[in-house]
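Reviewing the structure listed below.
The values are calculated or read from the model by the stated rules, or taken from the named source; none is laboratory data. What you see is a predicted model; the values in this text were computed from it and never measured. Counting neighbours? That spans all protein chains shown, and the Cβs are built from the backbone with ideal geometry, glycine included.
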Amino acid sequence: MGKIFSKPQKRHFKNFITSVIDLDGRKTITRITENGDRQCDVSNVIKFIRDTSWKKEDLVKRNVGYFKEVAKPSPVGFLLFDDSILEKRCKPKKMEGLGWHYSHTKGKTICGHCLVSSHYRYGDISFPYDFEMYYSEKAAKALHEPFKTKIDIVCDSIRQFHPFGNEKVYVVVDSWYSSSRVIGAAQSKGFEFIGGLKSNRTFKLRENGPKHKLWVYAKNVRNTSLDEIIVDGVAYLVRRVNCWVTGVDKEVVILISKRKKDGSRCFILSTDTSLSNEEIIRYYSYRWDIETGYLYCKDRLGLGQYQMRSMKAITKYCALIFSAFCYLEALRLHNNQSSIGQSRKYFKVRRKKELVNKIVYLVKKGVPLEKIYEELKIVA
């Protein structure tokens with residue numbers, strides 16, 4: 001791992017990644033430690049996460065650097081942003097940084113940590129790029145951190161992002177992040193922007209013309225004037241509107257899109273007016289990479305199952321979980337597999353085979369069974 005870890009830390013890192021990928025069910029530090037390839041004490045693993053000097057930023061750079069090296073050149077890349085709440089059923093005083101955040105999934109305010117992250121899709125590669133915790137003003141004050149809105153975090157992340165090569169970068173977000181500030185941050189880097197719009201947004205058909213509300217305009221659009229297109233096997237009825245929106249200094253495209261099957265409607269803005277309707281919808285659909293990535297990290301890798309109290313330890317724990325996802329993505333690419341789920345299944349089978357091979361080797365060497373049990377941590 002280069003200069004990120006010392007030799008003992010490197011062993012803890014490999015043990016953690018291996019165990020968290022292989023382990024089913026709840027992933028406490030105790031279970032992760034017991035499932036590792038090497039014997040070690042739980043307190044040492046906690047110390048590795050909480051007290052040692054390695055930084056989340058260095059691990060993120062390492063992950064990004066690896067994918068830059070193995071990536072095949074692509075003409076376009078997609079920088080995706082979203083947030084997710086890591087719910088905690090404890091009092092805010094029990095953990096640093098806890099706050100009350102509105103969950104769109106649950107439709108209510110819940111207690112937890114709010115993670116704002118970026119995800120990069122480039123050719124065949126799709127992986128968590130970076131992340132930052134969002135704190136409420138009260139939590140930020142308690143941590144002696146400057147308060148930043150989620151929009152602030154996204155804008156800073158865009159400015160700090162470096163493309164893999166000469167690809168055209170599209171910043172892709174849902175309607176909660178389609179603000180003039182985010183669009184401006186993308187344009188300042190020479191990136192294009194594609195994002196969902198809320199129905200109450202306004203636009204102008206001419207630069208100096210009157211404003212129209214999206215929902216009112218869409219209401220007056222007849223189905224007979226919509227174009228039918230097929231994107232990845234799904235039929236859409238769309239109306240393309242070249243227009244002007246507040247905070248953007250050039251003409252943009254707004255797509256009024258309706259799924260033909262169920263009639264569900266959405267509004268999509270693109271600053272790249274050269275894209276076809278099909279391309280805009282397809283590129284906008286890539287935002288699901290980050291949502292499914294969050295879901296996989298939570299359900300399969302234990303993101304959010306930490307019990308540490310300090311934000312330093314919690315942040316580093318999250319960085320380790322995202323690194324486990326990156327490892328699975330690298331494994332998927334190496335084995336030409338179609339999904340992260342397949343690469344995890346392959347990893348688990350490979351680990352079982354390695355265990356069997358190890359037992360056979362020790363038996364052939366004449367190692368006593370009690371020693372083998374001890375080596376494999378099969379002890380009472």
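Could you tell me whether any residue of region 343-358 is under 31 Å from the mean Cα position of the chain (by Cα), under 30 Å from LYS298 (Cα atoms), of a type in the set (S, T, N, Q) and exposed (fewer than 14 other Cβ atoms within 10 Å of the Cβ)?
No, every residue in region 343-358 fails to be under 31 Å from the mean Cα position of the chain (by Cα), under 30 Å from LYS298 (Cα atoms), of a type in the set (S, T, N, Q) and exposed (fewer than 14 other Cβ atoms within 10 Å of the Cβ).
Can you name the residue in region 218-240 that is hydroxyl-bearing (Ser, Thr, Tyr) and in contact with a Lys or Arg (Cβ under 9 Å, 6 or more places away or on another chain) and, of all such residues, is surrounded by the fewest Cβ atoms within 10 Å (Cβ to Cβ)?
Taking the candidates together, the pick is SER225.
Residues that are over 23 Å from TYR286 (Cα atoms): find the strands (runs of 3 or more DSSP E) completely inside region 193-256 holding 3 or more of those.
202-204, 211-213
Counting only residues that are out of contact with any Leu (no Cβ under 6 Å at 6 or more places or on another chain) and of a type in the set (Val, Ile, Thr), give me the strands (runs of 3 or more DSSP E) lying completely in region 75-177 with at least 3 of them.
Qualifying strands (runs of 3 or more DSSP E): 108-122.
Considering only residues that are under 20 Å from SER175 (Cα atoms) and of a type in the set (A, V, I, L, M), which ones fall in region 104-132?
Within region 104-132, LEU115, VAL116 meet the criteria.
Kindly indicate the residue of region 94-133 that is free of Cβ contacts under 8 Å to residues at least 60 places away in the same chain and basic (Lys, Arg) and also surrounded by the most Cβ atoms within 10 Å (Cβ to Cβ) among those meeting that condition.
Checking each candidate, the answer is LYS106.
Could you tell me which of the residues PHE67, PHE81 is among the aromatic types (Phe, Trp, Tyr) and in contact with a Ser or Thr (Cβ under 7 Å, 6 or more places away or on another chain)?
Going through PHE67, PHE81 in turn, the sole match is PHE81.
List pairs: first in region 274-294 and in a loop (DSSP other than H, G, I, E, B), second basic (Lys, Arg) and surrounded by 22 or more Cβ atoms within 10 Å (Cβ to Cβ), Cβ under 8 Å, 6+ apart or cross-chain?
Correct list of pairs: TYR286/ARG121.
So which residues in region 308-355 are assigned to a helix (DSSP H, G or I), free of Cβ contacts under 8 Å to residues at least 60 places away in the same chain and closer than 22 Å to TYR129 by Cβ?
Within region 308-355, LEU331, ARG332, HIS334, ILE340, GLY341, SER343 meet the criteria.
What residue, of SER285, SER343, is hydroxyl-bearing (Ser, Thr, Tyr), closer than 30 Å to LYS55 by Cβ and modelled with pLDDT of 95 or more?
SER343 is the lone residue from the list that is hydroxyl-bearing (Ser, Thr, Tyr), closer than 30 Å to LYS55 by Cβ and modelled with pLDDT of 95 or more.
Could you list, in sequence order, all residues of region 58-73 that are under 18 Å from ILE17 (Cα atoms), among the charged types (D, E, K, R) and either surrounded by fewer than 11 Cβ atoms within 10 Å (Cβ to Cβ) or over 16 Å from the mean Cα position of the chain (by Cα) (or both)?
Within region 58-73, ASP58, ARG62 qualify.
Looking only at residues that are in a helix (DSSP H, G or I) and acidic (Asp, Glu) in region 20-64, which one is modelled with the lowest pLDDT?
GLU34
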